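To keep things clear, I will list the structure first and then write my remarks on it.
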Amino acid sequence: MYVFLKLILIITKKSSTPNLPPGPMKLPVIGNLHNIIGPEPPHRALHKLATKFGPVMHLQLGELSTVIISSPNAAKQVMKTHDINFASRPSILATEIMSYNSTSISSSVYGDYWRQLRKICTLELLSAKRVQSFRPIREEAFLDLARWIAKEAEAEAAPVNFTRKLYSCSYALTWTTTLGNKTEAKERLLNIIKQSIELASGFNVVDFYPSVKLLQMVTGLRRRMTKLHRESDKIFDEIIHDHIKINDDDDDDRHNKREDLLDVLLKFLDNDGGQEISLTMDNVKAVVMDMLAGGSETSATTLIWAMVEMLKNPRIMEKAQDEVRRVYDDKGYVDESKIHELEYLRSIIKETLRVHPPAALLNPRICTEKCEINGYEIPAGTKIIANTWAINRDPEYWEHADCFEPERFLDSSVDYKGNHFEYIPFGAGRRICPAITFALANMDLPLAIFLYHFDWKLPDGMKHEELDMTERVGAEITRVEDLYVVPVVKRPVPPHVT
């Protein structure tokens, strides 16, 4: 009874603020949870509500006063005009546990530590030069995948599970660039990360009622997340110990080892407090967890949606294949040397990110001080969620907004760097994704390889109009069904590339 009355008091207090943005009617205790939890994906449900209540909409999600942003203009006010005021993150149980008290780049609160971490990411960890240094690893990984596909095509001409193979390749590539070639613990750690992502995905009831600690026990979420955290922490200790040992040794292992992202982070590990920018061991682990969790799925998910859209639109696939083959036929295989010449392919990726943004709802922000958005009062402590899916499809900015038309990006200045608020697949402002260059490098190359070496057919006589576009909501917006395709080799994949 006490808990019930406490919730009523909290919700009544928050809903009494004058001039809040409009929103649907709120129910006792749950507020508007019934509006977002159901069979329809949350980003679509929120978009429907926004068409009725407007692009700045207030919801009461349990205890949390929440504002949904659904237009480019409102997004600009949050991510540019009042960017500093909305630069921090709310507390979420999963990131609190798995990200070492929310100290990863994506989950940490705005302040000196976050600025320090952002500087490390921008100048060292995820710089264009660093991403370029991984080019040989990318080229070999995706050519190896192409060789496997070619072998399957020539042996059976049977459908291949494109989704499973691409995710496997993407996780392996992210592992190598982040942690090197140590494979003993790879499957264990990646499995833990996948379980963590699954537990943390979507809306968790414990995060809607942060004051009711009993919910964390009743749902078992804290117990399960803590168990996964302990397991992953032990593995991280083993991997970091091996890295430090090799880096301290003056032998062939050290000189022959390619520098990975963990090596870069360990340079900032300061045990005596003498460095200008320094990290603790837990900080290092939090950033590595961020890279492994976020660095794999975004690229793979986008590539799968790109393939699905091209299979539904054979004209687009044929046009892209013509471009890639024209550019690379003199070489006989695809590498990154001419990727910049593939304007249409890059337009396909841009359009895929518009229509199928990996994060349909951007990571929530928190309002630090009271301010106004679109003339409405946003109280301090309000949670802000930008509906990227809705913003990227705003008909005031995009003609045929729901159609897949890569041509719209040819000769267009609109890009994904956060300067055009009608197109924010990676967010914008201070909290824009710092790994854009890393993610795009893992999209351009593999898509070009797939289009250069293969034609693609749907299995069992399926027509392109029959492709299921149903979404599955998780950390990323993926397809409910894995993509099965029949590859036909059109250009042989070289066994070795020098």
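Structural remarks
- Wholly within segment 128-228, helices (runs of 4 or more DSSP H) carrying at least 2 residues that are closer than 25 Å to SER299 by Cα: 128-133, 135-155, 162-179, 186-200
- In segment 477-487, residue nearest to ASP329 (Cα to Cα) [restricted to those that are assigned to a strand (DSSP E or B) and in contact with a Phe, Trp or Tyr (Cβ under 6 Å, 6 or more places away or on another chain)]: PRO487
- Some residue of segment 117-127 being within 26 Å of LEU199 (Cβ to Cβ) and either touching a helix residue (DSSP H, G or I) at 6+ places or on another chain (Cβ under 9 Å) or crowded, with 16+ Cβ neighbours inside 10 Å (or both): yes
- Search result, residues across segment 315-325 that are among the aliphatic types (A, V, I, L, M) and surrounded by fewer than 23 Cβ atoms within 10 Å (Cβ to Cβ): ILE316, MET317
- Subset of segment 146-168 (residues that are out of contact with any strand residue (DSSP E or B) (no Cβ under 9 Å at 6 or more places or on another chain), surrounded by fewer than 21 Cβ atoms within 10 Å (Cβ to Cβ) and either closer than 18 Å to MET443 by Cα or at pLDDT 95 or above (or both)): ARG147, ARG164, LYS165, SER168
- All positions within segment 169-212 that are of a type in the set (S, T, N, Q), over 19 Å from the mean Cα position of the chain (by Cα) and buried (at least 18 other Cβ atoms within 10 Å of the Cβ): none
- Scope segment 465-476; condition in a loop (DSSP other than H, G, I, E, B), more than 19 Å from GLU198 (Cβ to Cβ) and charged (D, E, K, R); matching residues: ASP468
- Among strands (runs of 3 or more DSSP E) entirely within segment 348-464, having at least 3 residues that are out of contact with any helix residue (DSSP H, G or I) (no Cβ under 8 Å at 6 or more places or on another chain), of a type in the set (Ser, Thr, Tyr) and crowded, with 23+ Cβ neighbours inside 10 Å singles out no element at all.
- Subset of segment 245-271 (residues that are of a type outside the set (Asp, Glu) and either at pLDDT 90 or above or under 25 Å from the mean Cα position of the chain (by Cα) (or both)): LEU261, LEU262, VAL264, LEU265, LEU266, LYS267, PHE268
- Options LYS285, LYS312; residue that is in contact (Cβ under 8 Å) with a residue 40 or more places away in the chain and within 24 Å of VAL473 (Cα to Cα): LYS312
- Residue count for segment 15-28 satisfying the condition of being touching a residue at least 60 places away in the same chain (Cβ under 8 Å) and surrounded by 19 or more Cβ atoms within 10 Å (Cβ to Cβ): 2.
- Residue within segment 287-307 that is more than 30 Å from THR95 (Cβ to Cβ), at pLDDT 95 or above and out of contact with any Pro (no Cβ under 6 Å at 6 or more places or on another chain) present: yes
- GLY180 vs. criteria of a type in the set (Gly, Ala, Ser) and without any contact (Cβ under 8 Å) to a residue 24 or more places away in the chain: no
- Yes/no for GLY111 being small (Gly, Ala, Ser), more than 22 Å from the chain's Cα centre (by Cα), surrounded by fewer than 22 Cβ atoms within 10 Å (Cβ to Cβ) and within 24 Å of MET289 (Cβ to Cβ): yes
- Criterion violated by THR95 - all others in (1) at pLDDT 95 or above; (2) within 30 Å of THR470 (Cβ to Cβ) satisfied: (1)
- Members of segment 87-116 that are in a loop (DSSP other than H, G, I, E, B) and aromatic (Phe, Trp, Tyr): TYR100, TYR110
- Scanning segment 331-357 for residues that are in contact with a strand residue (DSSP E or B) (Cβ under 7 Å, 6 or more places away or on another chain) and hydrophobic (A, V, I, L, M, F, W, C) turns up nothing.
- Among the residues making up segment 377-409, those that are touching a Phe, Trp or Tyr at 6+ places or on another chain (Cβ under 7 Å) and within 19 Å of THR302 (Cβ to Cβ) are ASN392, PRO406.
- Extreme residue, farthest from the chain's Cα centre (by Cα), among residues of segment 310-336 that are in a loop (DSSP other than H, G, I, E, B) and acidic (Asp, Glu): ASP330
- Answer residue from segment 326-341, given it is touching a helix residue (DSSP H, G or I) at 6+ places or on another chain (Cβ under 6 Å) and not acidic (Asp, Glu) and is surrounded by the most Cβ atoms within 10 Å (Cβ to Cβ) among those: VAL334
- Test set (1) modelled with pLDDT of 95 or more; (2) part of a helix (DSSP H, G or I); (3) more than 28 Å from LEU451 (Cα to Cα); (4) not charged (D, E, K, R) - THR122 fails condition number: (1)
The values are calculated or read from the model by the stated rules, or taken from the named source; none is laboratory data. Everything numeric here is computed off the predicted structure, so don't read it as measured data. As a convention, Cβ positions derive from the backbone with ideal geometry for all residues, glycine included, and neighbour counts pool all protein chains shown.
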